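Below is one structure, written out as structure tokens; the observations come after it.
The values are calculated or read from the model by the stated rules, or taken from the named source; none is laboratory data. The structure presented is a predicted model; accordingly, all values stated were derived computationally and were not measured. No Cβ is skipped: glycine too gets one built from the backbone with ideal geometry, and neighbour counts run over all protein chains shown. For accessibility, only protein heavy atoms count, side chains too; no ligands or nucleic acids. Shrake-Rupley method; radii C 1.70, N 1.55, O 1.52, S 1.80 Å.
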Amino acid sequence: MSELEDLLRQKAEIEARIEKVRASEIDGLKRRFADMALQLRELNALPAALVEAFTDKAGTFNVFRTMKVKKPS
């Protein structure tokens, strides 16, 4: 295998790892955001625009479903 092929393989592996870590970080941030939005909603401190954004088609406030984030166990 040439040096170029080896470097390209390493680059592909690194890029794949970066995407995996990035996706994990984004999921964690979304979960934290959803938790904060829920807490603010319980305190009636969530702005109306966000309440509307997190209300689903059935008229139910569900930030986890709207953001497509799994609720923590």
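Applying the criterion of being charged (D, E, K, R) and part of a loop (DSSP other than H, G, I, E, B) to the residues of region 33-69, the residue that is farthest from Ala23 (Cα to Cα) is Lys57. Here is the figure for region 64-73: residues that are touching a helix residue (DSSP H, G or I) at 6+ places or on another chain (Cβ under 6 Å) and either of a type outside the set (Lys, Arg) or surrounded by 14 or more Cβ atoms within 10 Å (Cβ to Cβ) (or both) total 3. Just need a number here: residues in region 25-63 that are more than 20 Å from Ser73 (Cβ to Cβ), of a type in the set (S, T, N, Q) and open to solvent by 80 Å² or more (accessible area, probe 1.4 Å). The qualifying residues number 1. The numbered conditions (1) modelled with pLDDT of 95 or more; (2) open to solvent by 90 Å² or more (accessible area, probe 1.4 Å); (3) assigned to a loop (DSSP other than H, G, I, E, B) are all true for Arg22 except (3).
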